[in-house]
1. Two-decimal Rg/Rh of the range 56-95 from alpha-carbon positions, Kirkwood Rh?
2. Please give the solvent-accessible surface of Leu147 in Å², to the nearest 10, using a probe radius of 1.4 Å with every protein chain present.
3. Take the Cα gyration tensor of the range 15-128, multiply each eigenvalue by 5, square-root it, and list the three semi-axes largest first, rounded to whole angstrom.
4. Which of the GluC sites (Glu not before Pro) found in the range 86-162 are in a DSSP loop and have at most 16 neighbouring Cβ atoms, other than their own, within 10 Å?
5. So which trypsin sites (Lys or Arg not before Pro) in the range 1-63 are both in a DSSP loop and have at most 15 other Cβ atoms within 10 Å of their Cβ?
6. Express the relative contact order of the range 27-176 as a whole percentage, based on alpha carbon pairs under 8 Å and six or more residues apart in sequence.
7. On a 1.4 Å probe surface of the protein chains, which of Arg65, Arg71 comes out largest in accessible area, and what is the full order?
8. Excluding Val204 itself, calculate the net charge of residues whose Cβ lies under 15 Å from the Cβ of Val204, where each Lys or Arg counts +1 and each Asp or Glu counts -1.
Amino acid sequence: MVELTLKEIQEISLSIMIKIDEICKQQGFRYYLYGGSLLGAVRHKGFIPWDDDIDIVMPREDYKRFLDHMREHELELKPLKLFTRYDDKRYPYMISRVSNDDYYLDIENEKPYGMGIFVDVYPWDGIGATEDEVAVRKGRSSRLSSLCYLATRNKCKKENTRSKKKLIIKPFAFIFAKMVGKEYFMQKLEEMSLLYGYDTSDHVGCLVWGCDGVKGIFPREWMGNEEVRLEFEGHMFRVPKEYDKALTRLYKDYMDLPPIEDRIPHHRYKAYRKY
């Protein structure tokens with residue numbers, strides 16, 4: 001069995017994204033490239049050379065309608081498959097993924113649940129009106145999502161943890177998270193995420209996955225409702241209206257390349273074709 005190359009993974013991810021974009025155009029769903037995918041569109045006009053997936057965000061109402069559409073058209077959309085915590089109890093995340101079922105992943109430190117090469121789909125919610133409110137809510141959601149993640153790991157490993165303080169705390173947090181279980185943290189995150197509407201909140205972002213911290217919370221006007229598109233691997237995908245402000249908040253001098261030692265994929269998996 002031959003492991004897929006990073007380039008092959010990127011090509012398959014792109015094909016999934018092309019289909020997602022087609023669905024969103026037809027149905028009028030808002031989405032935006034986010035994180036490394038947005039950075040890739042601006043800096044590289046495509047994938048960051050060492051990136052291994054595509055990230056998009058959707059306002060909560062569009063997100064719910066998109067998930068419903070994927071479920072209703074499940075058979076005709078094959079080999080694409082939707083993964084959410086609602087559709088598969090083994091699935092360990094609060095965000096959703098659209099996966100290509102022709103492939104499978106051997107994911108480090110994670111129980112198998114049938115995932116193939118994927119595109120991440122993050123729900124974006126209203127966060128609040130003031131900076132203080134945003135900081136408090138995002139801080140709490142980051143802690144809950146970290147515990148939720150630890151509850152789904154097979155073993156306590158360093159992984160992406162860099163802070164010495166967090167490395168000391170991590171084994172104790174892992175034991176606590178395993179004792180409580182992921183469903184508890186998922187329910188708490190869900191309750192937090194639905195307190196404010198996306199279209200009526202001054203600040204928006206993802207509360208159910210806290211890895212980007214407060215810098216991942218944007219003024220809602222930065223996203224925009226009108227379509228702004230940038231080139232990504234020869235295709236035009238939707239991006240936030242104020243993508244320069246968004247990237248500056250996320251990465252500061254975002255046009256500068258990181259040190260060579262940091263130019264590595266951030267997911268820990270091996271990908272294979274099933275057939």
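1. Dividing the radius of gyration by the Kirkwood radius yields 0.96.
2. 40
3. They are 20, 19, 15 Å, listed largest first.
4. Passing both the DSSP loop test and the Cβ count: Glu108, Glu159.
5. Sites meeting the loop and neighbour criteria: Lys45.
6. Reported as a whole number, the value is 18 percent.
7. Values: Arg65 110, Arg71 85 Å².
My answer, sorted largest first, is Arg65, Arg71.
8. Taking every Cβ under 15 Å from that of Val204, the sum is -1.
The values are calculated or read from the model by the stated rules, or taken from the named source; none is laboratory data. Keep in mind it's a predicted model, so treat the numbers as computed, not measured. Glycine also receives a Cβ, built like all others from the backbone with ideal geometry; neighbour counts cover every protein chain displayed. The area values use the complete protein model at the heavy-atom level, side chains included, leaving out ligands, DNA and RNA. Shrake-Rupley method; radii C 1.70, N 1.55, O 1.52, S 1.80 Å.
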